[in-house]
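Just so it is clear, none of the values below were taken in a lab; they were calculated from the coordinates. Predicted, not measured: the structure shown is a model, and the values here were computed from it. Virtual Cβ from ideal backbone geometry, glycine too; neighbours counted across all protein chains shown.
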């Protein structure tokens with residue numbers, strides 16, 4: 001590949017994003033929500049992604065499969081889930097493809113212990129080299145998601161002498177990690193590559209950027225940029241009070257992010273106030289109960305209160321996407337419940353769901369770990385944040401919210417969230433202009 005720098009189309013960005021146009025995926029929403037704003041700002045995007053999402057028709061969008069059996073399987077399963085409606089046929093096709101790839105899949109898993117998107121950088125890099133010649137972009141912008149996205153961007157930017165803007169969603173490395181496994185060592189190495197070669201690096205939290213600066217000296221500009229979310233159309237997505245108080249939880253559940261303490265608190269409250277059983281509803285969207293939550297629900301039975309809605313998908317009857325249905329359910333909740341997490345990652349992590357919650361203008365009750373940034377974001381906008389390991393504080397906060405709802409309802413919050421997609425796009429285009437004009 002030639003190392004001569006091509007003349008650039010100043011408005012063209014080559015955007016590398018493994019996850020793109022995937023309904024309900026946080027890594028996808030981070031970039032796809034920005035595209036209308038970027039297009040409005042005059043940016044001409046050329047996107048390279050995996051084929052796991054819907055191909056965008058508004059601009060050049062190239063979908064490439066990964067160059068390894070395990071990564072290809074990950075992607076083709078998503079494609080089949082999206083395109084094949086018949087469950088028996090879908091399962092049959094998955095089984096046949098798995099069997100065909102098994103002779104190559106087994107050796108890969110024996111010797112390569114990386115994530116299920118590691119090989120995407122190979123095909124993404126090859127395709128992007130040709131796209132640079134065709135579109136002559138002003139910069140390479142990698143937003144991830146999978147670390148392989150940044151490796152592809154590094155290779156493309158370096159061989160074509162293009163500015164590189166790297167946006168890191170979740171930290172690639174943590175000070176407390178032992179780096180004993182192959183995947184952790186790879187991500188630690190890649191973080192070093194980014195620090196030495198990227199012209200600008202974006203992190204999502206102050207803590208993650210500060211920790212990264214403690215490990216590396218960065219060549220280019222560094223900044224914190226909140227992902228943000230788009231405000232809903234409040235004329236279409238309305239909050240309508242009902243005869244029940246609906247507490248909504250949206251997102252994944254697991255050992256480090258479970259509802260055990262919430263179930264215990266609600267059980268104690270209805271034991272002390274039996275009449276509350278008639279109007280309390282805990283709506284759980286997006287995930288089945290994890291083992292710890294399931295065990296707690298058996299210990300603290302809440303029949304008629306806990307409602308498992310599962311993952312909301314595209315509804316052919318209304319034509320609404322899964323995400324649109326989720327946003328409507330958020331807006332219609334009386335209280336939005338945010339679970340931060342109890343593991344060591346929580347100190348440098350803010351759930352992406354928070355930004356959508358804040359745009360809903362409904363009261364948020366956050367169970368927050370050791371993360372002062374997240375606590376301040378909630379309390380500064382008039383929401384409640386309690387420690388994730390303080391059951392007394394949780395019970396007290398719930399009781400106060402219930403009493404307020406009984407007396408005069410729970411009104412929308414008065415302070416709008418400043419974490420909007422438009423604000424994010426404005427900051428993003430500014431830094432892109434800075435690095436592409438040098």
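Of note:
- Förster-model FRET efficiency, 22 Å R0, residue 196 and residue 127, C-beta, rounded to 0.05: 0.35
- Degrees between helix 421-436 axis and first principal axis of the chain (Cα, 0 to 90, nearest 10): 20 degrees
- Where only DSSP H runs of four or more residues are counted, the chain gives -13500 deg cm²/dmol as its mean residue ellipticity at 222 nm, each run worth -39500 (n - 2.57).
- When you count the other C-beta atoms within 10 angstrom of each residue and take the mean per peptide, 44-56, 266-278 line up highest first as 44-56, 266-278.
- Which of 13, 189, 405 has the fewest Cβ neighbours within 10 Å, and the rest in rising order: 189, 405, 13
- The mean sequence distance of close C-alpha pairs (under 8 Å, at least 6 residues apart), as a share of the length of the chain, puts its relative contact order at 14 percent.
- On Cα atoms only, tilt of 391-408 relative to the major axis of the chain in degrees: 70 degrees
- Overall form of the stretch 245-408 per C-alpha gyration tensor (a/c, 1.5; a/b vs b/c): rounded
- Highest-fluctuation residue, 152, 317, 198 considered, GNM on the chain with Cα pairs under 10 Å: 317
- Residues 187, 134, arranged from fewest to most other Cβ atoms within 10 angstrom of their Cβ, appear as 134, 187.
- Shape class for the chain: prolate, because the ratio a/c of the largest to smallest gyration tensor axis (alpha-carbon atoms, square roots of eigenvalues) is 1.5 or more and a/b beats b/c.
- The label-point distance for residue 320 and residue 406, in a model that sets each label 7 Å from Cα toward Cβ, rounds to 3.1 nm.
- Shape category assigned to the stretch 1-107 from the gyration tensor of Cα positions, a/c cut at 1.5: oblate
- The long axis of helix 87-111 is offset from the longest Cα principal axis of the chain by roughly 60 degrees.
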